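Trainee: Structure in structure tokens, see below.
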Amino acid sequence: MLARCSAAFRSAGPPPASRRSLALWSLEPEKPVIANLRVKRGRPRIYDGRAQPVHPDNTPLVRLLQKSDPIEGTSMAQHTYAINTVACYPKPITSMDDVKQLRVGDTYKTQIALYVRERTQRELDPVTAFRNSAKLSAKTRSLQETLAKLPYISVPLSKKLTAAGCQSLDDLAKDSAVRERLTVQPRKMVPWVDHILQPVTREEAQRFEDLLNEYLQPSGWLVHMTGEW
């Protein structure tokens, strides 16, 4: 029955690929399986053929992603989609240009980029590179959350800064590539970035109150601190 349906679909020709297409892949390319499963208006259309083989250079990354859990903050569907995207990529993923071509979310794109860097620059084995990329990816997400707490830095901008190579708050002032991503207002904030995220002590607040009262004394106004410590 499947063979007759497949023959009928082949005679009509496959429809153009869409964003809802799911390309199946296999680590054993010689094994015949269904090649593509395209969903249109909720109805699957099946085409008989062979699975797209995974590129040998990408096989270690595919296997490691299969064995790992979804990254924190992502779903199993996103994890599966990232695996399928890497498995179906026709070339070895060895550079940042290759990573940019992957149609995955920023979270997985960051980890894959770190994996590629660990493999190419530090020449580590796949398992060690993947472990390092997972740790660095978690550190990057933590840094993005910290950057987003700063004035004038939004969540999208924090992701752009980490993508540009920002690895700490000090890089906002020292790294020229990171500094170029900042507009005028964030650049004015950079010299005080170490103090902005620190809590204000009672002594500092008291000195600030005294300074304001001294400045406002000729006008007759008086400043009082309120709230609890």
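Only the coordinates and a few stated rules stand behind these numbers; no lab work does. Predicted, not measured: the structure shown is a model, and the values here were computed from it. Positions of Cβ are backbone-derived with ideal geometry, glycine not excepted, and every protein chain shown enters the neighbour counts.
Trainee: Take LEU212, LEU169 and order them by how many other Cβ atoms sit within 10 Å, fewest up front.
Mentor: Taking fewest neighbouring Cβ atoms as first place, the list is LEU212, LEU169.
Trainee: Could you tell me which GluC sites (Glu not before Pro) in segment 123-229 are loop residues by DSSP with no more than 16 other beta carbons within 10 angstrom of their beta carbon?
Mentor: Here the sparse-neighbourhood loop sites are GLU123, GLU180, GLU228.
Trainee: Work out how much length GLN185 to LEU212 would gain on full extension: take 0.36 nm times their residue separation and subtract the Cα-Cα distance, in nm to one decimal.
Mentor: In short, 7.2 nm is gained.
Trainee: Taking all pairs of different Cα atoms in segment 56-191, averaging 1/r and flipping that mean, what Kirkwood radius in angstroms comes out?
Mentor: 15.8 Å
Trainee: With labels modelled as points extended 7 Å from the Cα through the Cβ direction, what inter-label distance (nm, one decimal) is found for VAL200 paired with TYR152?
Mentor: The modelled label-to-label distance comes out at 2.0 nm.
Trainee: So how do ARG207, ARG119 line up by other beta-carbon neighbours within 10 Å, fewest first?
Mentor: ARG207, ARG119
Trainee: As an exercise, use a Förster radius of 30 Å and the Cβ-Cβ distance of LYS100 and TRP192 to find the FRET efficiency, rounded to the nearest 0.05.
Mentor: For LYS100 and TRP192, the calculated efficiency is 0.30.
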